[in-house]
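Visitor: Take a look at this one; I'll ask things after.
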Amino acid sequence: MTFSLLRYRTLMSSFVRSIYHFADRLADLPADVSSTTRARTRALVVWTVFSVPLGVSLILASQDLTLTSPTSIGLIIGCLGMALAIRHMRVTQNLDQASLIFVLSAVFGLGAAAWVVSSPNLVPLIFLAVTPVYFGLIADWKQCLKYTLVLTGFYCGLAGWIGYKGVATPDTIMSVFACALAAIGGGLSTTAYAYTTARASRKLLKQKDEIVSLAFRDSLTGIYNRRAFNDHISNPCSPDRGHTIAVVDLDSFKAVNDQFGHEIGDEVLSELAKRLTDVTPEGAKSYRVGGDEFALILHEMDTTPSDFAQQVCEHATGMYQTSVGRLRVRVSVGIAQASAGQNDLKRLYYQADTALFEAKKRMGSDWAEYTPELGEHKRRRTRLSELLKTSIDDASIDVVFQPQLQLKPQSVIGYEALARWTTEEYGHISPSEFVAIADEAGLINRLDRCVFLKAIKLAEAWLRDDQKLAVNVSGKTLLSPGFLTFVCEGIERSSLSYQQIQIEITETEIIESQDAAKEICNQLRQVGISIALDDFGTGYSSLSYLSTLPINTLKIDKSFVQASHQGSNLKIIKSIVGLAKSLGIELLIEGIEEIHHLRIIQRLGCNLVQGYYFSRPIPPEACVEFERQHAGVEPGMPDMQFHVV
């Protein structure tokens, strides 16, 4: 019994699937049609193919007919009309028009046939079958209700008119009233179904809108998010419109989060989003594409890109009201406008981001517009970043050494290791450029470690026990995990001692992490490595960290020495000399390039010097020769000629 029931269900399922497959092929619907349209189309086709022949058979069975009789003509008209409805649907894919043709054919064809064969009782049966099918094919319940009332009113009026005129028998009048009852019964039932379906559709549409909103809207600011932005710029746009993209970035936003917490940072981001929305013209869209980065896409502008960028800067920069009070916020803006015929928004965004990078270099609260020169500069830096990574991996970064001297008694007390880089593609790259590139590309830690290992390997061949090797290290490298272990292992693998190594750091790179810097510097001091503070006077120059950081040597920036003829700079040097003596810190003067620089330094009582006057940075093989030539020669003598690189 169970097997028979299962087999019956399987056969019925296959039969229904076959019918639906036949209906789909007959209607010739596209593959991406909605499920509602597909269901309505199947209903029309199935009713036509199966119900119409059955109705025709019932009518034909009631009386013998000839081909030219009115009944036959009515049946032919009805069948041809229904076939025309399916044909119309296949060609135009307009289901509503096809449904109207279908019902009119059934009404005037089959209805007329039933009337002529003197079987008026069949008329309401036809309408009872046709009306719900037609109304069920109408998706809008309001339209469905309107058709129901109109058709019902028509039949009621017709019944009343023929009854008043006395042109029909009571049975005929009752048949017309039966048609009205069939229309209102089937129409109201299908109207209720359409209304229920419409409510469910609205609910689903609302849920879909909420899902889309969650997917494409930023939950914090309410504007479009990165996903929506990527979706927008992935589609090609019309090259005839003046497309513009502006990228806005908060300056020093990390400091806001660190000082006040992420909740206050969120308040700042929300306020910035509102200001950007206010300044954005109609038709443009604003996006939050990163933590503190926003983008504006404008397809038409009444002003120039530079004027709009300036307007955004002025409107977004200012005092922001937060829960902890008013905070001053600054932004940087990069903007790019598509050239004639350009429709690639991804490329335009890349150009705007390039302009933003240029604006950020101007210390914030500024804007920059993309130019071909900026693009070329960005491509060059990108290429140099790739080449630098390869050079670090291959350990092909060159290291040169600049002597550090003691004036009385005269001697070479050590050397500062300096990185140099030459490429086949671009030639010699200045240290200021490739160090900045390494910092931007996240390669600075690897670069510093590469230079450190190469410097101690080269220096162990000629560095005397009483000399020091100074190696520059960035703040990021100093605070990187495992730096102390790395330094110790490198020294252990060489013939140098810990006391011969000096780590040089700059004040600007450790000012934000004084506690962590103090801890690692203390650990380095404990193993015998000395610490030098480089470029003193160019950054914060805080007395507090001079007294707390374990610094052995203070190096005055060369800019003070080279402008020592100015009274203010000379006073600064005197103050730093006195400060170093009071703190018991060695003082080394950089940038001695002229004889008058040396004389000024000597009058101030400075004894440790370094600069081009004595020697430019020299390759390792020239260091021994430098010491031999320099031995016994008083500073300032004209015969001090050394190898220059």
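The values are calculated or read from the model by the stated rules, or taken from the named source; none is laboratory data. This structure is a prediction, so every number in the text was calculated from the model and none was measured. Cβ placement follows ideal geometry from the backbone for every residue including glycine, while neighbour counts extend to all protein chains displayed. Side chains are part of the model used for accessible areas, which takes the heavy atoms of the whole protein and leaves out ligands, DNA and RNA. Shrake-Rupley method; radii C 1.70, N 1.55, O 1.52, S 1.80 Å.
Visitor: How do Asp465, Asp393 stack up against each other in accessible area, from largest to smallest, with a 1.4 angstrom probe?
Guide: Numbers: Asp465 135, Asp393 85 Å².
Sorted by accessible area, descending: Asp465, Asp393.
Visitor: Okay, next question. Give the accessible surface of the stretch 347-444 per residue, rounded to a whole number of Å², with probe radius 1.4 Å and ligands, DNA and RNA excluded.
Guide: Numbers: 4630 Å² over 98 residues.
I get 47 Å² per residue for the stretch 347-444.
Visitor: Leaving out ligands, DNA and RNA but keeping every protein chain, what accessible area does Ser495 have, in Å² rounded to the nearest 10, with a 1.4 Å probe?
Guide: 80 Å²
Visitor: So, one more: Need the list of lysines near Lys408 for cross-linking: C-alpha distance under 24 angstrom, and skip anything on the same chain fewer than eight residues off.
Guide: Lys468, Lys555, Lys558, Lys571, Lys574, Lys581
Visitor: Another question, then. Quote the accessible area belonging to His596 in square angstrom, nearest 10, computed with a 1.4 Å probe and with ligands, DNA and RNA left uncounted.
Guide: His596 exposes around 90 Å² with every protein chain in place.
Visitor: Tell me, what is the 1.4 Å probe accessible area of Thr277, in Å² to the nearest 10?
Guide: Taking all protein chains as shown, Thr277 has close to 70 Å².
Visitor: Take the Cβ-Cβ distance between Asp465 and Asn230 as r, set R0 to 51 Å, and report the resulting FRET efficiency rounded to the nearest 0.05. Mind dumping the intermediate values first?
Guide: Numbers: r = 61 Å, r/R0 = 1.19.
Once the sixth-power term is evaluated, E becomes 0.25.
Visitor: Sticking with this structure for a sec: I need the GluC sites (Glu not before Pro) found in the stretch 387-452, filtered to DSSP loop residues with at most 11 other beta carbons within 10 Å of theirs. Could you put the intermediate results ahead of the total?
Guide: Details: sites: Glu416, Glu424, Glu425, Glu433, Glu440; in loops: Glu424, Glu425.
Qualifying residues, ordered by number: Glu424, Glu425.
Visitor: Ignoring ligands, DNA and RNA, how do Arg379, Arg328 rank by accessible area with a 1.4 Å probe, largest first? Before the final figure, lay out each step's value.
Guide: On the way: Arg379 120, Arg328 160 Å².
Sorted by accessible area, descending: Arg328, Arg379.
Visitor: Right, another one. Given a 1.4 Å probe and heavy atoms of the protein chains only, how would you sort Cys156, Cys606, largest accessible area at the top? Before the final figure, lay out each step's value.
Guide: On the way: Cys156 55, Cys606 10 Å².
Solvent-accessible surface, decreasing: Cys156, Cys606.
Visitor: Which value, in debye to the nearest 20, gives the size of the charge dipole of the stretch 423-497 about its Cα centre, when Lys and Arg are +1 and Asp and Glu are -1 at the Cβ?
Guide: Values: 8 positive and 11 negative charges, 48 e Å.
Magnitude of the dipole: close to 240 debye.
Visitor: Taking the Cα centre of each part, how many Å lie between the stretch 369-399 and the stretch 310-344?
Guide: Their Cα centres are 29 Å away from one another.
Visitor: Ignoring any ligand, DNA or RNA, what whole percent of the accessible area of the stretch 385-508 comes from carbon and sulfur when the probe is 1.4 angstrom?
Guide: Values: 2760 of 5250 Å².
Looking at the stretch 385-508 in its full context, I get 52 percent from C and S.
Visitor: Distance between Cα centroids, the stretch 433-477 to the stretch 295-309: provide it in whole Å.
Guide: Between the Cα centres of the stretch 433-477 and the stretch 295-309 lies a distance of 46 Å.
Visitor: Below 15 Å, Cα to Cα, which aspartates and glutamates can Lys346 reach? Residues fewer than 8 away in the same chain don't count.
Guide: Result set, ordered by chain and number: Asp231.
Visitor: To continue, here is another question. What's the carbon and sulfur percent of the stretch 263-335's accessible surface, probe 1.4 angstrom, rounded to a whole number? Each step should come with its number before you reach the end.
Guide: On the way: 1320 of 3270 Å².
The nonpolar share, carbon plus sulfur, comes to 40 percent.
Visitor: At a Förster radius of 22 Å, what calculated FRET efficiency corresponds to the Cβ-Cβ distance of Phe154 and Arg202, to the nearest 0.05?
Guide: 0.10
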